[in-house]
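Everything on this sheet refers to the single structure shown next.
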């Protein structure tokens, strides 16, 4: 084999190895970091790290938060993508690293009124005060801001720590 062919083979091997190592170096996010960047990261494969704060008895879902969960803290509902596996049901309190896809669930202040739910009266009062009117956009480049309510994470891989 000529020296040129050997050099080409070595170069191709190195490029392949670098490409594979870059794919393996996927950014890891805490729940707070994921929530702050959800508009950029939504529906893209990411790694989420956190603490398991609860798990369904059948292992079909679990909830992940940052450290010790307190009522009102941000959490993510975690499901196995395509129900491909079940979660450890005795994992509450353990650290976890999840690979998968995040989807944000956003507040809709006017939807409850339309549905006639419990908050319909409050929504009606907000609407009367102008809270549900469509915003007037004076800047055509401005984006409407959505308020994140919670996250759903569809896991493709789970690593308990």
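Brief remarks on what is shown
- Any hit, the stretch 62-70, residues being under 16 Å from the mean Cα position of the chain (by Cα), modelled with pLDDT under 90 and surrounded by fewer than 18 Cβ atoms within 10 Å (Cβ to Cβ): no
- Taking the listed residues 4, 48, 9, 34, the one that is part of a helix (DSSP H, G or I), surrounded by 16 or more Cβ atoms within 10 Å (Cβ to Cβ) and modelled with pLDDT of 60 or more is 34, with no other qualifying.
- Residue list for the stretch 85-108, filter: under 18 Å from the mean Cα position of the chain (by Cα), loosely packed, with under 13 Cβ neighbours inside 10 Å and either without any contact (Cβ under 8 Å) to a residue 12 or more places away in the chain or in a loop (DSSP other than H, G, I, E, B) (or both): 107
The values are calculated or read from the model by the stated rules, or taken from the named source; none is laboratory data. Owing to the predicted nature of the structure, the values given are computational and were not obtained by experimental measurement. Note that each Cβ is placed from the backbone with ideal geometry, even for glycine, and that neighbours are counted across all protein chains shown.
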